[in-house]
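Rule-based calculations on the coordinates, nothing more; no lab input. Computed from a predicted model, the values in this text were never measured in an experiment. Ideal geometry is used to build each Cβ from the backbone, glycine not excepted, and the neighbour counts take in all protein chains shown.
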Amino acid sequence: MSDGTWSPNSWRSKPAAQDVVYPDREKLEKVLGKIRTLPPLVSPSEIERLRHQLGQVQRNQAFLLHAGDCAESFDACTHENIAAKIGLILSFSLIVIWGARKPVVRIGRIAGHFRGDNVNGLDPNDRVPDPDRMLSAYFHSTATLNHVRSLLTSGFASLHHPREWSLSHVRSPALREEFERITEGLSDALEFTRTIGLGKESVSYEQGGGRGALGEVDFYTSHEGLMLDFEEAMTREFPIPSSLGSYASSSSESTPSKVHYNTSAHFLWIGDRTRQLDGAHVEYFRGIRNPIGVKVGPSMKAEELVRLLDIVNPDRENGKVTLITRYGAGKVEDYLAGHIRAVQQSGHPVIWICDPMHGNTLTSSSGLKTRNFGTIISELTSCLRIHAECGSHLNGVSLEFTGELAEDGFSVTECLGGSMRLSEDQLPLRYQSFCDPRLNFEQSLDVAFLISDHFKKERTGGKKSYGDVLYSELGGRKP
């Protein structure tokens, strides 16, 4: 950041959209004082590692998967739920790696993305904003992150083999054949690597052996940086790690320069409703070292987008800004190309990812919020095509999905369609979200298969995915 007037609390001089008003200000200051003394949840070295990997994504050398719940809840902080989310992210990324032949950078909407429980309760008598809930959010984030780290460093990543995936939910014979072809090829490739010694340890992890090439992955956390009181309290000043060479030394001294990291998550994003150029959120985000995301919707003017990039990334650093587009299937054709051209002309380095969820929400006849799988993949494949037409690349995807199972052992039923052809009358069977509707395990793998197939055909010169049997069988619309 080139402007030295920034500080972690300079946002307080700006208007804050969607601000939380706490009646008990004395209690608020006491809680924030406590949070300032608590340990960071993530380290500068982890944040810098993500910045480096996002630079690879920006250069189209890796693919970004940003995924998880629409919002976490304190009650859902359990081993079963956390393991299910991580397992789905690992399975999804494995499928994409197979087709794209490039690494996947995994950022979960997890360990801090509460958006509700961190303010007040659902009970009508518990609606007054309570600062203590920020402390609860910190400790639930800590517990979640600790369990994620434990899972990923003890062989959990190596357990998600495609031969264990059931395709019994796939109703279309043609679609099942496509899925079986992909999983069989992926399974054979994994078994080949183990046969020649990759990912195969003679001694198990539990008996002192290593984790192996296939048993350990990088995983990063994220949330929307909405509650600036909390974000300020979790912002800490650290030296840039010395291993970064010239970045770690000032021009006049040999000692490392210091920068501000938000230590509550590796990656934070600005929502579509809080991205005002003169607002508090943009002011806060422009000063932190973390890589950041910006939601870009139909209301974003092209010139406004460029001005926003000038503010949050004036030095035009690689891997710093991810643009998360969320137009809706019916509007993506009208806005995406203009935004791409404006950014290209500005010279700003950005990562482009598609959020095909938020612009495609509707209300069912029974009153439940839902999304149609066909419109989700229509927006996604339109983004792929439009980027290609503009000489750009879609670098990733942002999804709201869950691997959670209902009490009866089956996947949740919140989004319509997909290979299981979930109908409107089936939505109430296992509808569990208290926020927005999520893709379930099967529907999520549908998207992964579609992306993998697209990139494999792009890589090998085959027909693009938005015109083939897989796309049409999943309910996609013709461009």
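For this structure, a couple of remarks:
- Overall form of the range 1-153 per C-alpha gyration tensor (a/c, 1.5; a/b vs b/c): oblate
- Dipole magnitude for the chain: about 1160 debye, using +1 per Lys or Arg Cβ and -1 per Asp or Glu Cβ, origin at the Cα centre.
- The listed peptides 140-151, 15-26, ordered by packing as a protection proxy, come out as 140-151, 15-26 (highest mean of other Cβ atoms within 10 Å first).
- Helix 302-312 and the longest principal axis of the Cα set of the chain meet at an angle near 60°.
- Think of the range 30-77 as having a plus end and a minus end, set by charges on the Cβ of Lys, Arg, Asp and Glu; of THR37, ALA71, HIS52, THR37 sits farthest toward the positive end of this dipole.
- For the chain, the spread of Cα positions along each principal axis, largest first, Å: 61, 54, 53
- Placing +1 on each Lys and Arg Cβ and -1 on each Asp and Glu Cβ, with no other charges, gives the range 264-370 a dipole about its Cα centre of roughly 180 debye.
- Contact order normalised by residue count of the chain, Cα under 8 Å, 6+ apart, percent: 20 percent
- Set of aspartates and glutamates near LYS457 by C-alpha distance (under 15 Å), chain-local residues within fewer than 8 positions excluded: GLU178, ASP468
- Relative contact order of the range 285-342, defined on C-alpha pairs under 8 angstrom at six or more residues apart (%): 48 percent
- Segments 122-132, 74-84 sorted - mean Cβ within 10 Å per residue, highest first: 74-84, 122-132
- Descending by average beta-carbon neighbour count within 10 Å, the peptides 29-40, 429-440 line up as 429-440, 29-40, the highest first.
- Put a dot 7 Å past the Cα of ASP334, heading toward its Cβ, do the same for ARG101, and the two dots end up 4.0 nm apart.
- Dipole of the chain computed with +1 at Lys/Arg Cβ and -1 at Asp/Glu Cβ about the Cα centre; of ALA265, LEU336, GLY112, farthest Cα towards the positive end is LEU336.
- Size of electric dipole in the range 56-179: Cβ of Lys, Arg +1 and of Asp, Glu -1, about Cα centre, debye, nearest 20: 760 debye
- Across the range 44-165, Cα pairs under 8 Å and at least six residues apart give a relative contact order of 29 percent.
- Angle of helix 44-58 to the longest C-alpha principal axis of the chain, folded into 0 to 90 degrees and rounded to 10: 50°.
- Helix axis angle, 79-100 relative to the chain longest principal axis, alpha carbon, degrees: 70 degrees
- Working note: 222 nm ellipticity from helices only, DSSP H runs with n ≥ 4, each -39,500 (n - 2.57), summed and divided by the residues of the chain, gives -12000 deg cm²/dmol to the nearest 500.
- In this structure, the pairs whose alpha-carbon distance is over 28 Å, taken from LYS34/LYS85; LYS331/LYS369; LYS295/LYS369; LYS27/LYS295; LYS102/LYS295, are LYS34/LYS85; LYS27/LYS295.
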